[in-house]
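Asker: One structure, pasted below without further comment.
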Amino acid sequence: MRPLLSWIEHLPSKNAGRNLKCFAECVENADAVLLGAERYPVRLTPKRHLREVDFVFEGKMVRGLEQNPATKSRWAEMARSGEKVMQFLKDGRYVANVVDGSVTMYTKRAGS
């Protein structure tokens, strides 16, 4: 069985949405997230107390991070208005986000 987050490299965004939505909902009120046989703790960031979870997927570190509502992005504006926003990063780059169950997968920029 493939890990829950196989969306990162392998699945079309239709399937990715289901996996990301499930993952974001699991992080919201959990102390840890179980992916396959691995358990990953959900922490609060020191300064802003945002939820985050780091996990390994196919040898790469991936981070799920609750959106900081104090920034000037449109995602932050959504968070300020009460929507649940979670960003996903891989190799220091944002790869996707979930806003109240709706998924946006980011595409690679030309030359990246």
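Asker: Give a residue-ordered list of calculated ³J(HN,Hα) values for the range 87-98 (Karplus: 6.51 cos²θ - 1.76 cosθ + 1.60, θ = phi - 60°; whole Hz; x for Gly, Pro).
Answerer: Taking θ as phi minus 60°, the curve returns 9, 10, 10, 9, 6, x, 10, 6, 10, 5, 8, 10 Hz for the range 87-98.
Asker: If we count every other residue with Cβ under 12 angstrom of ARG63's Cβ, Lys/Arg +1 and Asp/Glu -1, where does the sum land?
Answerer: +1
Asker: Karplus couplings for the range 66-71 from phi (6.51 cos²θ - 1.76 cosθ + 1.60, θ = phi - 60°), rounded to Hz, Gly and Pro as x?
Answerer: For the range 66-71, the Karplus curve yields 4, 5, 6, x, 8, 8 Hz.
Asker: Tell me, what HN-Hα J-couplings in whole Hz come from the Karplus equation 6.51 cos²θ - 1.76 cosθ + 1.60 at θ = phi - 60° for each residue of the range 74-80, using x for Gly and Pro?
Answerer: 5, 5, 5, 4, 5, 4, 5
Asker: Pull up all non-local amide H partners of ALA32: gap of 5 or more, or a different chain, and H-to-H distance under 5 Å with H placed in the peptide plane.
Answerer: Close amide H contacts, sequence-distant or interchain: VAL42.
Just so you know, all these numbers are worked out from the coordinates, no wet-lab data involved. Remember, predicted model here, so these are calculated numbers, not experimental data. Cβ: placed from backbone, ideal geometry, glycine included. Neighbour counts: every protein chain shown.
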